[in-house]
Amino acid sequence: MAMPKDDHAPRMKSAYELALERMEREGIERPREDAVSAETRAEMDQVRRRAEAKLAELEILDRDRRRKLADPAAREEEEKEYRAERRRIEEERDRKLEKLRGG
């Protein structure tokens with residue numbers, strides 16, 4: 001038997017909606033919905049996906065390289081290189097996103 005549909009029942013809010021409410025409570029202005037076009041949002045999503053793929057590849061390669069290293073100093077140097085490359089990819093992603101936002 002189907003349950004009756006109650007249009008007045010409260011629905012769960014998305015994380016985005018909760019974040020917007022939290023921003024309003026803290027006196028932070030809501031982001032404009034029309035600030036970025038659908039095309040630009042799609043480009044931004046693509047930039048994020050590419051960066052995530054690069055970071056995943058980097059992590060896999062780093063794990064493999066560190067697994068093969070027995071020398072603690074060499075492992076530490078590999079970890080430094082990994083962090084630097086990860087930071088570079090993240091900064092590149094952020095620069096591209098800021099450019100797309102028009103900043």
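Coordinate-derived values only; no laboratory data. All figures in this text were calculated on a predicted structure; none of them were measured in a lab. Reconstructed Cβ throughout: ideal geometry from the backbone, glycine too, with neighbour counts over all protein chains shown.
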Most mobile listed residue (80, 13, 54) in the chain, GNM with C-alpha springs under 10 Å:
13
Please count, across the chain, the pairs of lysine residues with Cα atoms under 19 Å apart that sit 8 or more places apart or on different chains.
4
Note the full-extension length gain between residue 46 and residue 70 as 0.36 nm times their separation in residues minus their Cα-Cα distance, in nm to one decimal.
4.8 nm
Fewest to most Cβ atoms within 10 Å: 66, 87 sort as 87, 66
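Could you tell me which GluC sites (Glu not before Pro) in region 20-69 are loop residues by DSSP with no more than 15 other beta carbons within 10 angstrom of their beta carbon? Write out the running numbers ahead of the final one.
On the way: sites: 21, 24, 26, 29, 33, 39, 43, 52, 57, 59; in loops: 26, 29, 33.
Passing both the DSSP loop test and the Cβ count: 26, 29, 33.
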With Rh as the Kirkwood radius over Cα pairs, the chain has Rg/Rh of 1.20
Taking only Cα atoms and a 10 Å spring cutoff, compute GNM fluctuations for the chain and point out the largest among 28, 60, 89.
28
First measure r as the distance between the Cβ atoms of residue 63 and residue 15, then evaluate 1/(1 + (r/R0)^6) with R0 = 35 Å and state the FRET efficiency to the nearest 0.05.
0.70
What are the ³J(HN,Hα) couplings of region 92-97, residue after residue, when phi is run through the Karplus curve with 6.51, -1.76, 1.60 and θ = phi - 60°? Round to Hz, x for glycine and proline.
4, 4, 5, 5, 5, 5
